Amino acid sequence: MPKRSKVWLHFTKVNAESAKCNICDKSISTKGGNTTNVMKHLTMHGINMKAESCTVFDCKKMEPEEPFTSSQSNPSPSTSSGISGIVAASAPVHPDVRNRKTIPESVNPFTLSAAARGKMSEQRRDQCHRAVTGFIVKGLLPFSTVEAPWWREMISTLNPQYQSPSRDMLSNTLIPAWYAVEIGNLKRKLQVVADVAVTADGWTSVAQDHYLTVTVHYVKEGSMKENVLHTRAVYTSQTGEVIAEEIGDILDEFEIKHKVVAITVDNAANMDVAVKKMSIIKIGCFAHTLNIAAQKLYNVPSVSRWAGRIRAMVVWLKRSSLAKPVLKEKQKLLGLPEHAVILDVKNRWNSLFLMVERFLEQFPAIQAAAMDARLKRTIEKDRLERVTDDDFRKAEEFVKVMKLLYTSTLCMSAERIPTLGQILPILGKLEHHFTVSAEDSTFTQCIKEKIWGDLSKRYQEECIQQFLEESTALDPRFKSRVAASDAVWDRVEKELISRATTHQNKGERTQAQQPEEVNEEAVSDDDLSDEACAAPVATQKRAKLSALEEIFAEEDMAIEVRAKSMISTSEKIQEEIQLYRGLPCTLSTVNPATWWWSMKDTLPMLSSLAARYLCVQASSTPSERTFSTAGDTISQERACLLPEKADMLIFLKKNC
């Protein structure tokens, strides 16, 4: 009897030439008994039969993790990430075998390995498959690379015994198999994490497909971890309800929805609706907030007219074929850096600042180039308004005022993950910086009033304000910069007591079951001594309980035990808080997660609570960086890449 394909578990045969999908009821051609079409259709539902049967990446599967403690062993080579981990994920080699000299076949053919006799072993072949797959995925190379003649020639030269996988095998078997293993590993990692935070953002590819990406962040063993969960295509209107449903489905898939502390998103209206529908604390992206404030300057007439004159000169210098060599010539004569001028783009963060800063740097060269006889006639012909010394003075004022805002944006968008505790201290710096003083010119006053007028309206909700204050208080770098610190620490103390009570109640419920089991088993009195039998009687005589006390004796005892325990716990919490507040603030270069990990024995309860706040991101730039990778993955040359395959490639690129 011929072997029946597993695809028929998901399809019902209609006739000799078609079959119906059990999931979507779509009819698929199966002419001649061919199952290729039905297997391709199943991939649309996330079912890849070829990947399920592939065992190449089984060596990378991780064992279920125990809840991490202060001492954990390093991951094994089979679970390491990157291409080096792919190549190294093979069985260990004994030193004697590794150092053994190769023996010619004519000397001793019986001691040679199968590969040395002209046949590559299965283990070695799988190792090469993993290396090739990692090279294609991590390098963002097209799948057709493995079928190019120059690729085949290179592989044949390096190892004639190895046959490179085909494009179909790479796309439909190896990559999905690797993805299935790694997503399973990530789910096992997140199972032992107590608190997580997420970021989310939307993006449109060159193929006009809209994607939603969700990243997860958590603290583990003194370091901040980041993983991309999904970059999923969304084919419906991007309303708040749709986004909430998509994000909820992703969180449910990884079973972390109940662990989410907060979500960091941009200030779009649909994101605001989505987060409210999910009932999760929303943190507006601080970098996006600063960018919105910077863009308000385009609406200031005096700033807009002045920036327009500079912009016109920059556009002219970029457009003229003769202006570039003349400008370089003047730069050399004046000893200025040979930098090109920068043109601002309204939706680019701080691009106006960068344009003015570069204009200020190159102002002498720009003036000299504008007065050059080779360009003077062209400037007059184009009726280009010349920049003046007053424009230079305003540029100096603009750069001086906006430098802190630009630096703050860089801080929030840095590769090192920005923590939530940075928002209030930076806002305090900006408030002081953008306060109008008597010495400010009218131009500077307009800038300060416009910038702070927008920033002062942000993060004003009471729950968000309190959450930010608690995050700042538990950041050892900024704990002394919290306003109304006594109220903040009272909330921190209540939160610690609540966590301790919850943990204690769980422990009591666990212990309450044990005596019952012992009492049921200890029914036989034959093994009890006379003293043991007499002890309960003596205890009852000393108690002298009233009728009401006798009825509720167990409940009263539990209340007494809990009260004593709570007094002890409350004292410990207050002692930890006082000890922490008495410690000096650390430098801004200190990693707060590492600092709390070093203090986990001294401040165990505060250390556990701090991890809850440290995992929350102040900016949604992790999602933005994911879209940078997505743009390289779904390029003009790969615009036909299926969204499901793009999700796999981005996941493997960012997480492995």
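Between the DSSP loop rule and a limit of at most 12 other Cβ atoms within 10 Å, which chymotrypsin sites (Phe, Trp or Tyr not before Pro) in the range 187-279 are left? When the chymotrypsin sites (Phe, Trp or Tyr not before Pro) of the range 187-279 are filtered for loop state and at most 12 Cβ neighbours within 10 Å, Tyr235 remain.
Applying 1/(1 + (r/R0)^6) with r as the Cβ-Cβ distance of Glu495 and Lys26 and R0 = 51 angstrom yields a FRET efficiency of 0.45. If you sort the three axes of the alpha carbon gyration tensor as a ≥ b ≥ c, you get a/c of 1.5 or more for the range 163-265 and a/b no higher than b/c, which makes it oblate.
Figure note: Trp178, Trp452 ranked by solvent-accessible area, largest first, 1.4 Å probe, ligands and nucleic acids not counted: Trp452, Trp178.
Accessible area per residue for the range 436-503, computed on protein heavy atoms with a 1.4 Å probe, is 50 Å².
Remark on Thr231: its backbone amide H falls under 5 Å from none of the residues 5 or more positions apart or on other chains, H modelled at 1.01 Å from N. Surface calculation, 1.4 Å probe, protein heavy atoms: Glu17 sits at approximately 110 Å² accessible. Taken per residue, the accessible surface of the range 170-264 reaches 32 Å², heavy atoms only and a 1.4 Å probe. The distance between label points at His258 and Glu637 comes to 4.8 nm (points 7 Å beyond Cα on the Cα→Cβ vector). In sequence order, the range 231-241 has phi-based couplings of 10, 9, 6, 10, 9, 10, 4, 7, 7, x, 5 Hz under the Karplus curve 6.51 cos²θ - 1.76 cosθ + 1.60, θ = phi - 60°, and Gly or Pro positions carry x. About the centre of its Cα atoms, the range 434-498 shows a dipole size close to 200 debye [charges on the beta carbon of Lys, Arg (+1) and Asp, Glu (-1) only; nearest 20 debye]. Close amide H partners of Val616, meaning residues 5 or more places away or on another chain with modelled amide H under 5 Å apart, are Leu420. So, R0 is 56 Å and r is the distance between the beta-carbons of Met154 and Phe392; what FRET efficiency does that work out to, to 0.05? Computed FRET efficiency for Met154 and Phe392 comes out at 0.50.
With the whole protein complex present, Thr35 retains an accessible surface near 30 Å², based on a 1.4 Å probe. Between Thr12 and Thr55, the simple spin-label model (points 7 angstrom out along Cα→Cβ) gives 3.5 nm.
Here's the picture: a label point sits 7 Å out from the Cα of Glu439 along the beta-carbon direction, and within the range 393-414 the residues with their amide nitrogen under 20 Å of it are 393-405. Each part gets one Cα centre, and for the range 579-656 versus the range 228-297 those centres are 16 Å apart.
Rolling a 1.4 Å probe across all protein chains gives Thr236 an accessible area of roughly 90 Å².
What shape does the range 141-208 have by the C-alpha gyration tensor, where a ≥ b ≥ c are the square roots of the eigenvalues, rounded means a/c under 1.5, and otherwise prolate means a/b greater than b/c and oblate the rest?
Oblate is the answer for the range 141-208, as a/c is 1.5 or above yet b/c matches or exceeds a/b.
A Förster radius of 56 Å, combined with the Cβ-Cβ distance separating Glu122 from Leu343, puts the computed FRET efficiency at roughly 0.45. Computed from phi, the 3J(HN,Hα) profile of the range 252-268 under the Karplus parametrisation 6.51, -1.76, 1.60 (θ = phi - 60°) reads 5, 4, 8, 6, 10, 4, 6, 9, 6, 7, 7, 10, 9, 9, 6, 8, 5 Hz, with x in place of Gly and Pro.
Segment Asp556..Gln465, full-extension length gain: 28.7 nm, with 0.36 nm per residue of separation and the alpha-carbon distance subtracted.
The values are calculated or read from the model by the stated rules, or taken from the named source; none is laboratory data. For clarity, every value in this text was computed on a predicted model and none was experimentally measured. Note: ideal-geometry Cβ built from the backbone for every residue, glycine included; neighbour counts use all protein chains shown. Calculation scope for accessible area: heavy atoms of the full protein, side chains included, ligands and nucleic acids excluded. Shrake-Rupley method; radii C 1.70, N 1.55, O 1.52, S 1.80 Å.
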